[in-house]
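Single-structure report; data block below.
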Amino acid sequence: MYKMGWTTVESVLKPGRYFLQGNEACAEGAIAAGCNYYGGYPITPSSEIMERICERFAGLGGRCVFKQMEDEIASIASCIGASWAGAKAMTATSGPGLSLMIENIGYAIMTETPVVIVDVQRAGPSTGQATRPAQGDVMQVRWGPHGDHQIIALSPWSVQEMYDQTIRAFNLAERFRVPVFLLGEEAVAHLRENVDVPTETRIYNRLRPQDGEPPFGLAKVPPMPAFGQGHKVLVTGSTHDEWGYRRTSSAQAQEKLVTRLSTKVTDHLDEIIEVEEHFCDGDELDILVVAFGFTARSAWRAVKAVRQEGTRAGLLRLKTIWPFPEEAVRQLTLRSRAVLVPEMNRGQVLREVQRVASQAQGYNKTDGEVIVPEEIRQAVQEARS
Amino acid sequence: MKPSIKTQGLTESILSFVRPEVFPTPFCPGCGHGVLLGAILRAIADLGWEMDEMLFVSGIGCAAWIPSPHFAADTLHVTHGRAVVFATGAKLFNPALKVVVIGGDGDLASIGGNHLIHAARRNLDLTAICANNRIYGMTGGQVTPTTPPGIRTATTPQGNTEPPFDLCRLVAGAGASYVARYSTYHIRPLIRSLKRALTHEGFAFVEVLSPCPTQYGRRNKLPQPEEMLRLMKEECVNLQRAEGMSKEELEGKTLIGEFVS
């Protein structure tokens, strides 16, 4: 019996504490969220996700399909096909594979197909350093596909969040009919930590159309039919009207569709955006550190250290990167004298922060090593002087 | 439903398989794709199948428009070259779907060539129909991997210098368990073959030679559709008949029939 919308289900794993690798936790989170299709292609440093799914799907009851495809283009395409057949689909990859997937991710955006894409970031560009962490794909996940659009990207900082945020990625994909990225790094993917699995899991299942509801219109997030149920669905990556008929020379149809593809996300920022404030109490901060992913772990340690030295420092951790948590950044930076954005790239999130806080400075590192707390501590002191 | 002037040529039995409001088709005068559209629907009608149990997946190009939006079924009109792998995901997750991929030679054999051979190797229960007009029609008549040597296209103004793929041998070599070739001239054996392909369990591939007078014909002194059709008929030699022919006699001929069944 299909249950639409929010529902609470028993966790698939027995509740309790597990010692897992980040990639394993991601696979378990997917299963907890109801993932039942995985199409993938091997790539370091994400392959353990595929291997864990392959092993676990085999032992699960019900309809669960794992397929290793011939390349990443095929992986994401098979996920989108499965999603329209009714699946909760996921694939995982890293930079070079993500580059191959981009066109079909644009297709998923245009056809409003729920799909989860895990990008375990490694040092690029190109083949780069396959086993080394980086945060250089922030802009690629946002702007990879051509044309105007919105996607959602989440940034886990722990193995626990590789589990929790994978569940959240599925829920957001189902809720908003949009591709959702889990943007991890090699460091968090290969880290081993405890993961607590609760008794129950909150999941969201996509809405199904009632009589006469079009699959691509009227509602901000329209209900989504599945193939094989007599809906005679027309799905196309071309500009289309609310019933899926191609409208490739209508200015009105193009404007209406492209606008809705964005506003269905941007009208629900409260539901999508999650940030975490650490040590941000008090009226004014000497310095605010804005960080995400693995780097936020080091930032947390560094902020704690400089506070012990008497600096009023705070940390804003971005759990959601896209859509960008502009309002949260604005509120905190307004009462911060200095702002520091440490990241394992040449300043991708920094520019977003600077849009609302021109005083922001970056600490950037692209040598394939994680940023350690001492580096951020020093950067904080320099930014203050 | 009474056939309107727009859907003339489609008999009562298959009128319910189409969305009449989208007719006439966008295909040029003399294009073979409309004939193939009718042949596919007649094969489905002959089998007594319902459109509600079918999924048609197509990529980009003229042939991709055969099912989308004409067919009153679930249709997935995807990115260029990727129809086979979108279809793979849908079929794997819901094996009850009868999944048919329809694409042109550029779509299935050029940009999508890797997916085609892997689908054949995998031998998943899909039917792929390649409307081979040996040219990129929609983008203005450029050379494809099936364009014969010497043929003038927008990107081979002096004549094509590359040898073409024999798609049936390619797909058969990759492991497909049903492989056949016909043309839009050979309509009755084509419908018979499509029925066998649709009911075949495993990867079935049917190549259908389809004339393109607009892009291929005009550049090669064949602007008249009936002339292209006549030449296509003369070019095609049935497999059985070819057995008794010499190498010289078979020069420039294209074999039709069932290569793997």
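Looking at the structure I just gave you, is A:ARG377 crowded, with 17+ Cβ neighbours inside 10 Å, over 17 Å from A:VAL188 (Cβ atoms), not assigned by TED's automatic domain parsing to the domain that holds A:ARG132 and not hydrophobic (A, V, I, L, M, F, W, C)? Don't jump to the end; show me each part of the working.
On the way: crowded, with 17+ Cβ neighbours inside 10 Å: yes; over 17 Å from A:VAL188 (Cβ atoms): yes; not assigned by TED's automatic domain parsing to the domain that holds A:ARG132: yes; not hydrophobic (A, V, I, L, M, F, W, C): yes.
So A:ARG377 passes the test.
Could you list, in sequence order, all residues of segment A:198-240 that are away from chain B (no Cβ under 14 Å) and among the β-branched types (Val, Ile, Thr)?
A:THR199, A:THR201, A:ILE203, A:VAL221
With in contact with a Lys or Arg (Cβ under 9 Å, 6 or more places away or on another chain) and at pLDDT below 95 as the only criterion, which of B:PRO20, B:PRO69 stands out? Talk me through it step by step, then tell me what you get.
Details: B:PRO69 fails: at pLDDT below 95.
Only one candidate qualifies: B:PRO20.
Only one of B:VAL78, B:VAL101 is more than 7 Å from every other protein chain (Cβ to nearest Cβ) and out of contact with any Ser or Thr (no Cβ under 6 Å at 6 or more places or on another chain). Can you tell me which? Even if it seems obvious, please write down each step before you answer.
On the way: B:VAL78 fails: more than 7 Å from every other protein chain (Cβ to nearest Cβ).
So the residue among B:VAL78, B:VAL101 that is more than 7 Å from every other protein chain (Cβ to nearest Cβ) and out of contact with any Ser or Thr (no Cβ under 6 Å at 6 or more places or on another chain) is B:VAL101.
Contact list please: Cβ distance under 8 Å, first residue in segment A:258-286 and assigned to a strand (DSSP E or B), second residue loosely packed, with under 12 Cβ neighbours inside 10 Å, pairs at least six apart or on different chains.
none
Hey, any hits in segment A:66-87 for a residue that's more than 14 Å from chain B (Cβ to nearest Cβ), in contact (Cβ under 8 Å) with a residue 12 or more places away in the chain, assigned to a loop (DSSP other than H, G, I, E, B) and not aromatic (Phe, Trp, Tyr)? Steps first, answer last, please.
To start, the set of residues in segment A:66-87 that are more than 14 Å from chain B (Cβ to nearest Cβ) comprises none.
Taking every residue of segment A:66-87 in turn, none turns out to be more than 14 Å from chain B (Cβ to nearest Cβ), in contact (Cβ under 8 Å) with a residue 12 or more places away in the chain, assigned to a loop (DSSP other than H, G, I, E, B) and not aromatic (Phe, Trp, Tyr).
So, restricting to helices (runs of 4 or more DSSP H) that lie completely within segment B:210-256, which ones have at least 3 residues that are touching a residue at least 24 places away in the same chain (Cβ under 8 Å) and within 19 Å of the chain's Cα centre (by Cα)? Working first, answer last.
Working: elements: B:225-235, B:239-243, B:247-250.
Where helices (runs of 4 or more DSSP H) fall fully within segment B:210-256 and carry at least 3 residues being touching a residue at least 24 places away in the same chain (Cβ under 8 Å) and within 19 Å of the chain's Cα centre (by Cα), they are B:225-235.
State whether the residues of segment A:19-26 include one that is more than 11 Å from chain B (Cβ to nearest Cβ), without any contact (Cβ under 8 Å) to a residue 60 or more places away in the chain and closer than 14 Å to A:VAL116 by Cα. So that I can check it myself, show each step before the final result.
Quick first cut of segment A:19-26, residues more than 11 Å from chain B (Cβ to nearest Cβ) only: A:19-26.
Then keep just the ones that are without any contact (Cβ under 8 Å) to a residue 60 or more places away in the chain; that gives A:24.
Those still in the list that are closer than 14 Å to A:VAL116 by Cα too: none.
So far as segment A:19-26 goes, no, none of its residues is more than 11 Å from chain B (Cβ to nearest Cβ), without any contact (Cβ under 8 Å) to a residue 60 or more places away in the chain and closer than 14 Å to A:VAL116 by Cα.
Kindly list the number of the only condition in (1) touching a residue at least 12 places away in the same chain (Cβ under 8 Å); (2) at the interface with chain A (Cβ under 7 Å from one of its Cβ atoms) that fails for B:ASN114.
Result: B:ASN114 fails condition (1) only.
Of the residues A:PRO222, A:PRO209, which single one is outside any strand (DSSP E or B), within 16 Å of A:THR113 (Cα to Cα) and free of Cβ contacts under 8 Å to residues at least 60 places away in the same chain?
Values: A:PRO222 fails: free of Cβ contacts under 8 Å to residues at least 60 places away in the same chain.
None of the others qualify; the one that does is A:PRO209.
Looking only at segment A:189-211, decide whether some residue is of a type in the set (Gly, Ala, Ser) and under 30 Å from A:GLY128 (Cα atoms).
Keep residues of segment A:189-211 that are of a type in the set (Gly, Ala, Ser), which gives A:189.
Add one more test, that the residue is under 30 Å from A:GLY128 (Cα atoms), and what stays is A:189.
Taking every residue of segment A:189-211 in turn, at least one turns out to be of a type in the set (Gly, Ala, Ser) and under 30 Å from A:GLY128 (Cα atoms).
Here is a check on your reading of the model: is B:VAL85 surrounded by 24 or more Cβ atoms within 10 Å (Cβ to Cβ) and either more than 11 Å from chain A (Cβ to nearest Cβ) or assigned to a strand (DSSP E or B) (or both)?
Working: surrounded by 24 or more Cβ atoms within 10 Å (Cβ to Cβ): yes; either more than 11 Å from chain A (Cβ to nearest Cβ) or assigned to a strand (DSSP E or B) (or both): no.
No; evaluated as a whole, the condition is false for this residue.
Out of segment B:34-75, which residues are within 7 Å of another protein chain (Cβ to nearest Cβ), over 24 Å from B:ARG134 (Cβ atoms) and without any contact (Cβ under 8 Å) to a residue 40 or more places away in the chain?
Selection gives B:ASP52, B:ASP74, B:THR75.
The values are calculated or read from the model by the stated rules, or taken from the named source; none is laboratory data. These numbers come from a predicted model, not from an experiment. Note that each Cβ is placed from the backbone with ideal geometry, even for glycine, and that neighbours are counted across all protein chains shown.
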